[in-house]
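**Q** Mind having a look at this structure? Questions to follow.
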Amino acid sequence: MDITIDPGALLIDPLKAPPRAKPGLDSTHLSTVPVFFGDPVLDDFRVFLTLLWRHLKLPDPTPLQLDVAWFLQHHPRSSEVDHLVIMAFRGAAKSWITGAYALWTLLRDPQKKILVASGSVRRSIAFVNWCLNLIGEMPILQHLRPKHHQRQSSTAFDVGPARPDQTPSLFAVGITAQIVGFRGDLIVGDDVETNTNSMTPDMREKLADAIKEFDAIIKPGGQIIFLGTPQTESSVYNVLPKRGYVIKIWPARYPNGKQRRMYGDKLATWVAWALDQNPRLSGRSTEPTRFSDEDLAARELSWGKAGFALQFMLDTSLSDVDKFPLRITDLMVMSLDRRTGPDLLSWGSGDHLALKDVECISFDGDRAYRPASVSETFSKYQRICAFIDPSGRGKDETTLTISAVLHSTPFVLKQAGWLDGFGPKTLQEIANLLVQFNVSTCRVEEDFGQGMFAALLRPVVQEAWKKKNLMGPKLPGENRTNTEVTSERAAKQQKELRILEVLEPLFQGNRIVMSKEVLADDYKVTMARDGTDLRDRYSLMYQITRLTREKDCLTHDDRVEGLSGVLSMFQEELGLMPARQAEKAEEERTKALEKRLYAEEDRIAGLRSLTRTLRKGLRRGGRR
């Protein structure tokens, strides 16, 4: 095999390990029993990777990419079947490196069978096609081209030297596909966890079950490799170590002391070694030739700190109890009427109370529960208010949140969002909702615009009420003819702290009653958004459960800020005890009932007296 580069330079490991394993090395510490061909391309995957990168006219692999390649070939083995998880930041080329590893595996042994599974079947097909194209283009691989009688398609193909077999040499499936009957020597799970299939706890549970199938089809001595970037703090990758998987993490920045303790032995050995040699690297880019510190700072600003921690630092830790103080579990969720609510409710979280038909974009174990008990008596809401968090046209939403209060208990009735800022359609839809829910006061938060949004909204609301009042008779007790629209600037305080100052006591006290329809609409709208990577960031449930005290922790916070804003309007009412308020209302109802009964008794007594008088008169008249 003609090699035009100096292989010796490529065989230097970043940790100054021997260039290749010696025949006498204990094979139990390697991924496979060492096989030496006397050819550096076949003996060291990093050499093959460099040749492939040069064929593609790419710069030579970076130290980080070479370390990933070294780990694929020489990782520790803990069982008969190798189980690996390579967690690297977005853009680290982990899929390309592993695609090259699949080709290198077939180059060394054309009888191997490789399965590629992805969260999206299109992604796994792209992986297979990339490999097939390289086999046709790269001279060192051309002898592997499928023959005319062999399989060759976008989903599967055989390599030329492969013997007839029911299983193709390389084939692609989606993670949810039926793979019973296939047998593989190497299984690659390429981004099996996506934003679409891991948004809720139920989705992650189904994904974890699908992954178990890999162990059923892997051959003895085979290798299972997961490539991924966690999509949620409750990532399915977190449970894989319990199943015997070895995880290595290559973050975009060298971690600080706290992060390094969090990673533990999962941190890539090369990254840890580099930090030991120069502790000042902490916070700097691990790939400075491809991602500068300035570039990573811009990405952090775009993704938000929570998103950047997941996508680029691979931080899925939930060790800090106070990191995420709000939980969906702390809410009472039920269907609500627009005019009346129950006088008294009690919170509970038993399995029998779980609302299994409500999908929650939350952490594992965090879900919606109905109240443990609901009083038989209902009363008209004491006040119905709305809060608007406006935005200009762009990525942020203009949100409307409508809530009511009854006996010191807040009821969240509706939330909606729009992306066209001050558009006429947005103003009209907001006005219609204010009328439909009979809102008395609507507060608009004005961070900019000098009250312009409120000024634009008022005439639209007045017109909506005018149409409502012309339509016919009102409902009993409905005498409102307009909604007061006020404008107020936000307090000069860190936004996250201001939101938590309102919400945290109410969540911890299990005071909030959330309409079931609010959560259902939130999930439906989120799933219908264009794009998949960031759409959950617009979700109220996501923003509630990912809010921390850290500045700019959320990419979008419009909906959770709207919830905080409307509940802050009930500050006086929420300071009272709900049970005492319900008792007081019951006493007032009892007194009113007694008063009506006494009045009815007096009326009946008067009628009886009048009847007796008339009878006496009639008798006297008869005598005459």
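The values are calculated or read from the model by the stated rules, or taken from the named source; none is laboratory data. Worth saying up front: this structure is predicted, and the values here are computed from it rather than measured. Glycine gets a Cβ as well: all are built from the backbone with ideal geometry, and neighbour counts include every protein chain shown. Only protein heavy atoms, including side chains, enter the accessible area calculation; ligands, DNA and RNA are left aside. Shrake-Rupley method; radii C 1.70, N 1.55, O 1.52, S 1.80 Å.
**Q** Scanning for something part of a loop (DSSP other than H, G, I, E, B), more than 26 Å from GLU496 (Cβ to Cβ), open to solvent by less than 20 Å² (accessible area, probe 1.4 Å) and touching a Ser or Thr at 6+ places or on another chain (Cβ under 8 Å), does segment 234-257 turn up at least one residue?
**A** yes
**Q** Applying the selection to segment 503-517, what residues are under 23 Å from PRO342 (Cβ atoms) and assigned to a helix (DSSP H, G or I)?
**A** LEU503, PRO505, LEU506, PHE507, GLN508, LYS516, GLU517
**Q** Every residue in segment 267-280 that is in contact (Cβ under 8 Å) with a residue 24 or more places away in the chain and open to solvent by 40 Å² or more (accessible area, probe 1.4 Å), please.
**A** THR269, TRP273
**Q** Here's something else I'd like to know. State the number of residues belonging to segment 347-359 that are under 19 Å from LEU326 (Cα atoms) and either open to solvent by 70 Å² or more (accessible area, probe 1.4 Å) or in contact with a strand residue (DSSP E or B) (Cβ under 9 Å, 6 or more places away or on another chain) (or both).
**A** Summing the residues that are under 19 Å from LEU326 (Cα atoms) and either open to solvent by 70 Å² or more (accessible area, probe 1.4 Å) or in contact with a strand residue (DSSP E or B) (Cβ under 9 Å, 6 or more places away or on another chain) (or both) in segment 347-359 gives 7.
**Q** Taking the stated definitions as given, is GLN150 touching an Asp or Glu at 6+ places or on another chain (Cβ under 8 Å), farther than 19 Å from ALA126 by Cβ, open to solvent by 20 Å² or more (accessible area, probe 1.4 Å) and not aliphatic (A, V, I, L, M)?
**A** The answer is yes for GLN150.
**Q** Criterion first (touching a residue at least 40 places away in the same chain (Cβ under 8 Å), out of contact with any strand residue (DSSP E or B) (no Cβ under 8 Å at 6 or more places or on another chain) and among the aliphatic types (A, V, I, L, M)) does VAL435 satisfy it?
**A** Criteria met by VAL435.
**Q** Step by step: first the residues of segment 162-176, then only those that are surrounded by 14 or more Cβ atoms within 10 Å (Cβ to Cβ) and more than 19 Å from GLN223 (Cα to Cα), then the one that is farthest from the chain's Cα centre (by Cα). Which residue is that?
**A** My answer is ALA162.
**Q** Take SER375 and decide whether it is more than 29 Å from ARG549 (Cα to Cα), touching a strand residue (DSSP E or B) at 6+ places or on another chain (Cβ under 6 Å), modelled with pLDDT under 95 and open to solvent by 20 Å² or more (accessible area, probe 1.4 Å).
**A** Answer is yes for this residue.
**Q** GLN543 passes all but one of (1) in contact with a helix residue (DSSP H, G or I) (Cβ under 8 Å, 6 or more places away or on another chain); (2) touching a residue at least 40 places away in the same chain (Cβ under 8 Å); (3) not basic (Lys, Arg); which number fails?
**A** So the condition that GLN543 fails would be (2).
**Q** Also, I was wondering about something else. Starting from residues that are open to solvent by less than 50 Å² (accessible area, probe 1.4 Å) and among the charged types (D, E, K, R), keep the ones in segment 442-483 and report whichever is modelled with the lowest pLDDT.
**A** Ranking the candidates gives GLU478 first.
**Q** Select, from GLY417, GLY392, the only residue that is farther than 26 Å from LEU519 by Cβ, at pLDDT below 95, open to solvent by 20 Å² or more (accessible area, probe 1.4 Å) and outside any helix (DSSP H, G or I).
**A** Exactly one residue qualifies, and that residue is GLY392.
**Q** Right, here's the next one. I'm checking my understanding of the structure. Among residues of segment 508-554 that are among the polar types (S, T, N, Q) and either at pLDDT below 85 or within 13 Å of GLU359 (Cβ to Cβ) (or both), which one is surrounded by the fewest Cβ atoms within 10 Å (Cβ to Cβ)?
**A** THR532
**Q** Something else now. Could you grab me the full set of residues in segment 82-116 that are among the β-branched types (Val, Ile, Thr) and within 16 Å of ARG183 (Cβ to Cβ)?
**A** THR105, ILE114, VAL116
**Q** Can ALA372 be described as farther than 30 Å from THR196 by Cβ and touching a residue at least 12 places away in the same chain (Cβ under 8 Å)?
**A** yes
**Q** So is ASP190 open to solvent by less than 10 Å² (accessible area, probe 1.4 Å) and among the acidic types (Asp, Glu) or not?
**A** In short, yes.
**Q** Any idea how many residues of segment 205-227 are basic (Lys, Arg) and buried (at least 22 other Cβ atoms within 10 Å of the Cβ)?
**A** Adding up the residues that qualify gives 0.
**Q** Here are the criteria: (1) in a strand (DSSP E or B); (2) polar (S, T, N, Q); (3) open to solvent by less than 10 Å² (accessible area, probe 1.4 Å). Tell me which single one SER362 does not satisfy.
**A** Of the numbered conditions (1) in a strand (DSSP E or B); (2) polar (S, T, N, Q); (3) open to solvent by less than 10 Å² (accessible area, probe 1.4 Å), the odd one out for SER362 is (1).
**Q** Return the only residue of LEU301, LEU318 being within 26 Å of ARG549 (Cβ to Cβ), at pLDDT below 85 and assigned to a helix (DSSP H, G or I).
**A** LEU301
**Q** Quick check, is THR105 open to solvent by 10 Å² or more (accessible area, probe 1.4 Å), modelled with pLDDT under 90 and of a type in the set (Val, Ile, Thr)?
**A** Spelling it out, it is not the case that THR105 is open to solvent by 10 Å² or more (accessible area, probe 1.4 Å), modelled with pLDDT under 90 and of a type in the set (Val, Ile, Thr).
**Q** Still on this structure, please answer the following. Under 6 Å between Cβ atoms, which residue pairs at least 6 apart in sequence (or on different chains) link something in segment 322-334 that is farther than 18 Å from VAL502 by Cβ with a partner that is part of a loop (DSSP other than H, G, I, E, B) and among the small types (Gly, Ala, Ser)?
**A** THR329/SER349; VAL333/ALA368
**Q** Hey, can you tell me all the residues within segment 555-565 that are at pLDDT 90 or above and open to solvent by 20 Å² or more (accessible area, probe 1.4 Å)?
**A** Passing the criteria: only ASP557.
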